[in-house]
Amino acid sequence: MENNLKFVKYHLPCPSCKSSDALSQNEDGSGKCFSCDEFFPSLDKQTTYQTKQVETNMQETIRELNAHGGVYAKLSDRNIAKETAEKYGVKVVYDSAGQLAQHIYPLYINNELTANKIRYIRDKKFSFDVSPNGVGLFGQQLFKEGGKYLTIVEGECDAMAAYELLVVSGQLFLLLEGQLQQSKTSRKTLSM
C-alpha cells in the first residue's frame, strides 16, 4: 500500500536528536526527522509545546534583530560568508518565519555612510532609504587607491563573491597573454 500522507508542519524540533528544525509532521499526526532519520507514529503534546516555544523564541529574536536595522550574518541565498558581509558592512533582515528577507548594502561618499540600498530577496526588487546621489562604488571605501589591478563586477553580491574568490581564498588568478595563470601571491601581500 502506497503512503500518500502529506506534511502539514515543517521545521519542528525533534524530541529524539534535539535538532531545532529537522522534524516534519504528517496530516495524521505522525512525523519524520530528517536529521536523525527517526519516524514518530504519533507526535505527543510535548513536541507541540516545544514547537510553540521555539517559534516564540525565534520570533522574539527576529523582532530584536530587525528593530536594529538587521544583523551581520551569512548571505545564505548567495553563499557569501558572514565575515565577508561584515567587512563590506552588509546586514540582513529576517521575516517572521526566520527566513532571509532583505540584504542591506551600505553606500558611502568619501568614506562616510550616506545611504543604504535594500534588496528584497523574495521579489528581487531594490529600494534606498535616502537618495543615493553621489555615492561611490560599492565597497570602494575598503580598498586603497593606486592599486595595480581593478576587478569590475555587476552587483554588490558579485563584488563580495569576487573578494572571497580573489582575496579570502588566498589565491590570485591572472589572465596573461590569453592564458589563465595562478599567481604565487599570498593573501598577506594582497592586504586590502
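The values are calculated or read from the model by the stated rules, or taken from the named source; none is laboratory data. Every value quoted in this text rests on a predicted model; they were computed, and no experiment measured them. Backbone-built Cβ (ideal geometry, glycine too); neighbour counts: all protein chains shown.
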With respect to LEU113, determine if the residue is touching a Lys or Arg at 6+ places or on another chain (Cβ under 9 Å) and either modelled with pLDDT under 90 or exposed (fewer than 13 other Cβ atoms within 10 Å of the Cβ) (or both). no
If a residue must be within 18 Å of GLY98 (Cα to Cα), assigned to a loop (DSSP other than H, G, I, E, B) and in contact with a Cys (Cβ under 6 Å, 6 or more places away or on another chain), how many such residues does the stretch 15-31 contain? 1
What is the number of the single condition among (1) closer than 28 Å to VAL167 by Cβ; (2) modelled with pLDDT under 90 that GLY98 does not meet? (1)
Here the residues within the stretch 116-146 that are surrounded by 11 or more Cβ atoms within 10 Å (Cβ to Cβ) and among the aliphatic types (A, V, I, L, M) are ILE118, ILE121, VAL135, LEU137, LEU142
Counted residues in the stretch 17-28 being over 26 Å from the mean Cα position of the chain (by Cα) and surrounded by 15 or more Cβ atoms within 10 Å (Cβ to Cβ) come to 2
Every listed condition ((1) under 14 Å from THR84 (Cα atoms); (2) at pLDDT 80 or above; (3) in a helix (DSSP H, G or I)) holds for GLN141 save (1)
